[in-house]
Every structure is written in structure tokens, then in C-alpha cells.
1. What residue, among those in region 104-130 that are in a strand (DSSP E or B) and in contact (Cβ under 8 Å) with a residue 60 or more places away in the chain, is nearest to residue 13 (Cα to Cα)?
2. Among the listed residues 52, 35, which satisfies the condition of being of a type in the set (Lys, Arg), free of Cβ contacts under 8 Å to residues at least 40 places away in the same chain, part of a helix (DSSP H, G or I) and open to solvent by 70 Å² or more (accessible area, probe 1.4 Å)?
3. Has region 92-103 got any residue that is under 30 Å from residue 167 (Cβ atoms), in a strand (DSSP E or B) and open to solvent by less than 40 Å² (accessible area, probe 1.4 Å)?
4. Kindly list the number of the only condition in (1) surrounded by 18 or more Cβ atoms within 10 Å (Cβ to Cβ); (2) hydroxyl-bearing (Ser, Thr, Tyr); (3) more than 28 Å from residue 86 (Cβ to Cβ) that fails for residue 143.
5. Residue 182 is checked against (1) outside any strand (DSSP E or B); (2) modelled with pLDDT of 90 or more; (3) within 20 Å of residue 147 (Cβ to Cβ) and fails just one. What number does that condition carry?
6. Restricting to region 131-153, name every residue that is outside any loop (DSSP other than H, G, I, E, B) and within 14 Å of the chain's Cα centre (by Cα).
7. Does any residue of region 199-213 turn out to be on the phi > 0 side of the Ramachandran plot, open to solvent by 30 Å² or more (accessible area, probe 1.4 Å) and of a type in the set (Asp, Glu)?
8. Report, by residue number, each residue of region 185-230 that is in contact with a Leu (Cβ under 7 Å, 6 or more places away or on another chain) and over 21 Å from residue 159 (Cα atoms).
Amino acid sequence: MRKQITTGSLSNEQIFHVIQLTIDDLPLILQLQTKVENALVSNTFLSPLSRKEFTRILTGKGFMLGVFIDEKLIAFRAMLQPEMDEEHLGLDAGLPEAELPKVIYSEISNVDPEYRGNGLQKYMGQILMNEIDYEKFRYVCATVAPMNIPSIKDKFSLGLEIVALKEKYQGKLRYIFIKDLSIHSKNGTYNEAHWVPAGKIEEQQEWIQSGFRGTAIHERDGDWYVKYCR
């Protein structure tokens with residue numbers, strides 16, 4: 001039986017239910033992921049999960065929410081306890097190996113194209129952040145493709161920061177985000193800030209290598225800029 005987490009309403013006042021997904025929901029998950037993939041203008045934005053990866057999340061190595069209208073799955077989002085390997089995002093973020101077991105990933109998020117614009121990605125993210133076992137995990141890590149503006153905004157809204165910009169997933173360029181859950185707020189703790197055009201990859205990498213972290217994104221005169229602070 002599905003476990004209901006909460007309920008809410010879309011902008012058109014349709015009622016939805018937020019459910020903790022189980023392995024029985026895997027066919028619906030894969031179907032929605034395919035629909036989202038097919039609607040993308042660029043497939044560089046999404047790194048889809050395999051049946052095996054979803055199964056791992058749904059059988060004890062993570063937590064996954066689904067948003068339903070009646071029996072239709074319109075969105076899902078997952079947290080994943082990663083395997084200890086050379087691709088671990090904690091290593092990309094500069095964590096020592098002893099800290100890697102304390103990392104959980106903010107994983108894939110898919111919203112049915114027909115229901116975008118309702119803030120479902122952020123809504124699910126806030127719920128999942130509250131579901132984290134703070135005694136077990138200290139860090140949340142995530143990857144986002146450059147210029148995937150909605151997902152970048154989403155990670156910043158959850159308090160994650162950019163700590164690396166490098167190739168992952170067989171050569172796809174990705175921001176590496178991290179949040180230290182033991183730090184409640186960093187407001188006012190940075191002394192220096194620079195806004196860098198989001199399209200200037202090498203310049204951003206230089207700021208990161210100099211100890212700066214990406215903390216915000218802003219549109220100005222039709223262009224996007226990332227705020228780097230130290």
C-alpha cells in the first residue's frame with residue numbers, strides 16, 4: 001500500500017497527492033521518465049536513471065516521492081544513498097573519504113511537461129530535505145547541467161552551493177552542488193562576491209579553483225549570471 005505524505009493543489013486548483021513510491025510504481029516511473037526525455041529540446045540536460053538505479057532507490061538505498069492526480073503520476077523526485085566508487089560526488093566536492101558515507105544525493109526530478117509551471121520540483125525537494133535522517137547524513141550533493149536554469153534555481157533554493165564544474169556521466173558538463181546540513185545558514189558569512197556569465201565555463205572554473213562557491217543565479221538583460229562568493 002502506498003504511503004501518503006501530504007496533499008496540495010495545482011495553480012488550476014486540481015488536487016494532488018504526494019506519495020512515497022515503492023518498487024510497484026517502477027513501471028509508472030519509467031513511463032514518465034521516457035515522456036520527459038522525449039519532450040526535451042536538448043538531451044544534455046537530463047541524465048536518466050536506469051531500471052537498476054531506480055530499483056536501488058526503491059529497495060532501501062534512498063527515498064522517492066511521487067505526485068499523483070487520481071492514479072496518474074505527474075512528477076517524481078528521489079534521494080539516493082550512493083555507492084562508494086570513483087564517481088562519488090563527495091570526492092568532486094573535496095570531501096575526505098571518511099565523510100563519504102555521510103553523503104546523500106538529491107537525485108533525478110521529473111515533471112510531466114503538461115504540469116510544468118506549478119512549482120512541483122521545488123515542492124518535492126523541500127519535502128525530501130525534511131525526510132533526511134540528519135543523524136545518518138551530513139551532506140546533500142547533486143549535479144546540474146549548465147544552463148538548466150530551473151534545476152539550478154531549485155538547488156540554490158534548497159541551500160546547495162556550486163563547488164565544482166566538470167565533466168561527469170561520460171563527458172557531460174555538470175555543476176557539482178553540495179550542502180552541509182550541519183550549517184543552518186551562511187547568510188552574511190561571505191566577504192567577496194562576483195557575478196559571472198553562466199555561459200563562461202572556464203571563468204567559472206577559475207573562480208571555483210580560487211575558493212569561490214556559486215550561491216545564486218540571476219537574469220540581467222536577457223543573460224544569466226552566477227554569483228560566486230568567498
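The values are calculated or read from the model by the stated rules, or taken from the named source; none is laboratory data. All figures in this text were calculated on a predicted structure; none of them were measured in a lab. Every residue, glycine among them, receives a Cβ derived from its backbone with ideal geometry; neighbour counts consider all protein chains shown. Side chains are part of the model used for accessible areas, which takes the heavy atoms of the whole protein and leaves out ligands, DNA and RNA. Shrake-Rupley method; radii C 1.70, N 1.55, O 1.52, S 1.80 Å.
1. 111
2. That would be 52, the only listed residue that is of a type in the set (Lys, Arg), free of Cβ contacts under 8 Å to residues at least 40 places away in the same chain, part of a helix (DSSP H, G or I) and open to solvent by 70 Å² or more (accessible area, probe 1.4 Å).
3. Yes: one or more hits.
4. (3)
5. So residue 182 meets the others, but not (3).
6. Hits for region 131-153 are 139, 140, 141, 142, 143, 144, 149, 150, 151, 152, 153.
7. Looking through region 199-213, none of the residues is on the phi > 0 side of the Ramachandran plot, open to solvent by 30 Å² or more (accessible area, probe 1.4 Å) and of a type in the set (Asp, Glu).
8. Residue satisfying the conditions is 201 alone.
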